[in-house]
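The values are calculated or read from the model by the stated rules, or taken from the named source; none is laboratory data. Given the structure is predicted, the values throughout are model-derived calculations rather than measurements. Don't worry about glycine lacking a Cβ; one is built from the backbone with ideal geometry, like all the others, and counts go over all protein chains shown. Only protein heavy atoms, including side chains, enter the accessible area calculation; ligands, DNA and RNA are left aside. Shrake-Rupley method; radii C 1.70, N 1.55, O 1.52, S 1.80 Å.
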Amino acid sequence: MFYTALRAFDETARAGSIRKASEALGLAPSSVSRNIAVLEREMGTRLLARGAGGVALTHAGRLVADYARAVLLDYDSLRADLDDMRGTQRRLLRLVLVESVAAHGPIAAVARFAEKYRSVSFDVQLLPAPGVIEAVKQDRCDIGVAFCTEPAPDLSVLAHIPEPIMLAVPNTIALSGPVELRALAGLRLAVPDMGFGVRRIFDRACAREGVQIAPVLSSNVFETLRDFVRCGAGAAILPLRAVARQARAGEMQAVSIADAAFRETTLDIIVLRKRRLPRVVRAFADMLIAEIGAEP
């Protein structure tokens, strides 16, 4: 009963609505309300303030919400470890990645791990770096691979892997690196859109150096930016792993940029700090780190 009450309260606290919590849990709203009432009686105080627009946490509710999230995450991890030990349940590992790394390690890690652990399956999603971070914070994935993750109290970084930002240039342009940021003002340039960490770093560096660059193209798809370079239309700002394979194949050049802000960027393997990682997730994280780090 206590677990059920905590689960109902946790889902309601995160959704801000009993109706939304009931839909997520597959329960009737009245059942969710009863479970929350049970928890409030156990705690001896109101945990939710109910209003026309939904529910809000009281001060006591915020304390209990933090406790409930930690308990439920540990419980789920424990159940997962016990299921793995018994071998009675299939395990789904949820992985969220930035696009640049999708073809450089994760799928090799998935293939190797699935061969070793036959009861494990995977769900892999691609998001811009801010979306990866939010997915981890909201417990929508087990492991995230983000880009230049800023320190946050609810995130643990398992590894930083170097991922410099490069200038992808057509083979018809003779250009050797490292190239100064100001030199980019003379190029027809394609960049990721504002939802990407790469673009934010690029814009901040330009503002800091007083360089005005008006991109010809922005896109939320790296392949579009690579096509812009392939057809000779201009150059593109891309992370190393988004252009390394094409550069090795001779489709384009990958030129380094002199500014330190572009050389010191990293891919970050991140998890939710509150969660005790199940053994199978930790084992896959180790394999993932090794695979991504092995091939730029």
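Here Leu267, Leu238, Leu272, Leu288 are screened, and the one residue that is in contact with a His (Cβ under 8 Å, 6 or more places away or on another chain) and buried (at least 20 other Cβ atoms within 10 Å of the Cβ) is Leu267.
Taken over segment 19-53, the residue count meeting the criterion of being over 17 Å from Arg69 (Cα atoms), among the β-branched types (Val, Ile, Thr) and in a helix (DSSP H, G or I) is 1.
Meeting the requirement of 2 or more residues that are closer than 22 Å to Glu209 by Cα, the helices (runs of 4 or more DSSP H) wholly within segment 228-296 are 260-263. Of all residues in segment 100-137, which are among the charged types (D, E, K, R) and in contact with a Leu (Cβ under 9 Å, 6 or more places away or on another chain)? If the condition is that a residue be among the charged types (D, E, K, R) and in contact with a Leu (Cβ under 9 Å, 6 or more places away or on another chain), then Asp123, Glu134, Lys137 are the ones that fit. Evaluate the following for Val221: is it in contact with a strand residue (DSSP E or B) (Cβ under 6 Å, 6 or more places away or on another chain), under 21 Å from Met194 (Cβ atoms) and modelled with pLDDT under 95? Judged against the criteria, Val221 is not a match.
In segment 176-195, what residues are under 22 Å from the mean Cα position of the chain (by Cα) and either at pLDDT 90 or above or open to solvent by 40 Å² or more (accessible area, probe 1.4 Å) (or both)? Within segment 176-195, Val191, Pro192, Asp193, Met194 qualify.
Every residue, every condition in (1) crowded, with 19+ Cβ neighbours inside 10 Å; (2) modelled with pLDDT under 90; (3) assigned to a loop (DSSP other than H, G, I, E, B); (4) in contact with a strand residue (DSSP E or B) (Cβ under 7 Å, 6 or more places away or on another chain), yes or no:
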| site | (1), (2), (3), (4) |
| --- | --- |
| Ala114 | no, yes, no, yes |
| Val132 | yes, no, no, yes |
| Met166 | yes, no, no, yes |
| Ala174 | no, yes, yes, no |
| Arg200 | no, no, no, no |
| Arg204 | no, no, no, no |
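Considering Ser119, Ser100, the condition of being surrounded by fewer than 16 Cβ atoms within 10 Å (Cβ to Cβ) and touching a Lys or Arg at 6+ places or on another chain (Cβ under 6 Å) is satisfied by Ser119 alone.
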